[in-house]
Amino acid sequence: MEISQDIKKRLFDELDSKKEEMVSLLSRLIAYPSVKGEPSEGAPFGLPVRRCLDEALSTLSSWGFATECHDGYVGTAELGEGETVLGVLAHLDVVAAGDGWTGDPFTARIADGRVYGRGAIDDKGPAVAAMFALRAIKELGIPIKSGARLILGTDEENGSSDLAYYFKKQSPPRYAFTPDGSYPVINIEKGMIRVSFSSESQPCPGGRMLLWLEGGAAVNAVPGSAYALVSGVGASEVIKSSQGLFPGVEISCKEFEGGSLRIDARGVSAHASTPESGKNAITALLGVLSRLGLEDGGSKAASRLSSIFPYGESDGLSLGIKMSDRESGALTEVLSLVSYQAGRLECSMDIRLPVSSSVGEVKSRLLPAIEGAGFKIDSFGGTEPHRVDEDSEFVKTLLEVYEEMTGDRGSCIAIGGGTYVHELEGGVAFGAEFIGEDNHMHSFDEFISIDRLVLNSKIFALAILKVLNSGRL
Ligand SMILES: [Zn+2]
């Protein structure tokens, strides 16, 4: 439905007039260091998280909204009387502050037209923008045909157990958007698989052999560093057999007295959903080891591992799982963690599968490949890909609003990572980062521009109105 120019003007004027109030509320929310902490009664993710949720809910109820706190996991506020067709999901928990900040990360700093502080863009700023969007619609008395629910969660950064808890008891709204990603609209999220596997061999005493191997920091990251300890091998041998073979990874050696040699591989770390922007130090190191002609069981296992994870490959070709589709692109895989000692080699990997595929399909090809290389599967877990039809009225409505408000062409995007609505059938990510912007999410000096804060609020308000008043949804 078209929203009249008059209504839009009143709405946008109203939100413009609330700019200072938005900044002030955001500053209050930033002041809670709502990093996941020790659970206590009514505070499953720690007291600061619960207090931040209470602050948001008491603000909403002071504006006249019916609110509810769901055991400290999720807080909700209702807009309108009709059937709730739309959910707007934002979260109030944040990642740890980390280093490098100009000033205290939990004291909002206003400078250069921006609000700086942990959570400014992820996701307290967008939560504030959504709160004011609801408020403006309510206070201006703009008619709506159905209802919307603001869902404020508290565990997005650590696995979204908040939503799992909430949706066990409440039925999900037919449509949902979360301003916890980027514009225009993220409608496709790849599926994800995590596998751990291992092999055992008899450690043979003495001679040319692998003694130790360690690499990677997290299962969802391209490993930026790895090292091995070998015996009976000279540094020059390593350098000769690795020269030019692992572009982007630096191989260095250190000889120890007694005949052992430490081999270090230094690559480039990256998120597992974008392995093309990293350089895998583990697969390079495995490549080095497999070229040394070592005969012990551990080295042989490392060579077999290298044969299914050759350096430079992240499309699963050697695992027999290479696949792609037009909508979401190629499957990606990362061997992200390895460790070897005393005959036991342990590995973990991360896979992002395209939307046309399924966990079962990839599993049926992957496990035989890993087992065929002599490894035993220790654990397997997967999440199916997520998609909302880009031609659906809901997505088209959000894209229309985006185009109208920014003047840019709106089209859907697919990502390898998962957002807050991955498990919600009708859920997409909508904002709050604009294309080409870097708001230092999860990093130091995270910020949101005050103009963008207000623009986000206008975009959400218009989107909510259009969805609630659409006769086609
Ligand atoms: Zn977030």
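The values are calculated or read from the model by the stated rules, or taken from the named source; none is laboratory data. Being a predicted model, the structure only gives us computed values, none of them experimental. Positions of Cβ are generated from backbone atoms using ideal geometry, with glycine treated the same way; all protein chains shown enter the neighbour counts. When the accessible area is computed, the model is the full protein with side chains, heavy atoms only, and any ligands, DNA or RNA have been set aside. Shrake-Rupley method; radii C 1.70, N 1.55, O 1.52, S 1.80 Å.
Tabulated data for the structure shown
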read-out: The lone exception for residue 159 - which of (1) on the phi > 0 side of the Ramachandran plot; (2) open to solvent by 50 Å² or more (accessible area, probe 1.4 Å); (3) touching a residue at least 40 places away in the same chain (Cβ under 8 Å); (4) within 16 Å of the ligand (Cβ to nearest atom) it fails; value: (3)
read-out: Flag if residue 454 is more than 13 Å from the ligand (Cβ to nearest atom) and out of contact with any Pro (no Cβ under 9 Å at 6 or more places or on another chain); value: yes
read-out: Residue pairs meeting the criteria (Cβ under 6 Å; at least 6 apart or on separate chains; first in the same structural domain as residue 281 (by TED's automatic domain parsing), in region 236-247; second in a loop (DSSP other than H, G, I, E, B)); value: 241/291; 246/311
read-out: Single residue of 82, 98 found to be open to solvent by 20 Å² or more (accessible area, probe 1.4 Å), in contact with a strand residue (DSSP E or B) (Cβ under 7 Å, 6 or more places away or on another chain) and at pLDDT below 95; value: 82
read-out: Test result for residue 207, away from the ligand (no atom under 15 Å from the Cβ), open to solvent by 20 Å² or more (accessible area, probe 1.4 Å), in contact (Cβ under 8 Å) with a residue 24 or more places away in the chain and out of contact with any helix residue (DSSP H, G or I) (no Cβ under 8 Å at 6 or more places or on another chain); value: yes
read-out: Matching residues in region 171-197 - criterion: being in contact (Cβ under 8 Å) with a residue 40 or more places away in the chain, open to solvent by 10 Å² or more (accessible area, probe 1.4 Å) and not in a strand (DSSP E or B); value: 172, 173, 174, 180, 190
read-out: Residue in region 408-428 that is surrounded by the fewest Cβ atoms within 10 Å (Cβ to Cβ), counting only those that are in a strand (DSSP E or B) and within 16 Å of the ligand (Cβ to nearest atom); value: 415
read-out: Verdict on residue 346 being among the acidic types (Asp, Glu) and crowded, with 16+ Cβ neighbours inside 10 Å; value: yes
read-out: Any hit, region 26-33, residues being more than 24 Å from residue 137 (Cβ to Cβ), within 15 Å of the ligand (Cβ to nearest atom) and in contact with a Gly (Cβ under 6 Å, 6 or more places away or on another chain); value: yes
read-out: Sole residue being farther than 25 Å from residue 106 by Cβ and within 16 Å of the ligand (Cβ to nearest atom), chosen from 447, 460; value: 460
read-out: Scan of region 345-391 for residues that are touching a residue at least 12 places away in the same chain (Cβ under 8 Å), part of a loop (DSSP other than H, G, I, E, B) and not aromatic (Phe, Trp, Tyr), ordered by number; value: 354, 355, 356, 357, 358, 373, 374, 384, 385, 388, 389, 390
read-out: Among the candidates 89, 53, 60, residue that is within 23 Å of residue 142 (Cα to Cα), at pLDDT 95 or above, assigned by TED's automatic domain parsing to the domain that holds residue 151 and within 16 Å of the ligand (Cβ to nearest atom); value: 89
read-out: In region 429-438, the residues that are within 11 Å of the ligand (Cβ to nearest atom) and either of a type in the set (Ser, Thr, Tyr) or crowded, with 23+ Cβ neighbours inside 10 Å (or both); value: 429, 432
read-out: Given (1) open to solvent by 50 Å² or more (accessible area, probe 1.4 Å); (2) within 16 Å of the ligand (Cβ to nearest atom); (3) farther than 26 Å from residue 341 by Cβ, number of the condition residue 220 does not satisfy; value: (3)
read-out: Residue tally, condition in a strand (DSSP E or B), of a type in the set (A, V, I, L, M, F, W, C) and within 29 Å of residue 389 (Cβ to Cβ), over region 429-462; value: 2
read-out: Residue match in region 177-187 (condition: of a type outside the set (Lys, Arg) and more than 18 Å from the chain's Cα centre (by Cα)); value: no
read-out: Boolean, residue 149 is out of contact with any Pro (no Cβ under 8 Å at 6 or more places or on another chain) and open to solvent by 20 Å² or more (accessible area, probe 1.4 Å); value: no
read-out: Residue within region 109-119 that is under 30 Å from residue 171 (Cα atoms) and open to solvent by less than 10 Å² (accessible area, probe 1.4 Å) present; value: yes
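Yes or no, residue by residue, for (1) away from the ligand (no atom under 16 Å from the Cβ); (2) of a type outside the set (A, V, I, L, M); (3) touching a Gly at 6+ places or on another chain (Cβ under 7 Å):
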residue: 105; (1), (2), (3): no, yes, yes
residue: 108; (1), (2), (3): yes, no, yes
residue: 122; (1), (2), (3): no, yes, no
residue: 128; (1), (2), (3): no, no, no
residue: 135; (1), (2), (3): yes, yes, no
residue: 143; (1), (2), (3): yes, yes, no
residue: 146; (1), (2), (3): yes, yes, yes
residue: 150; (1), (2), (3): no, no, no
residue: 171; (1), (2), (3): yes, yes, no
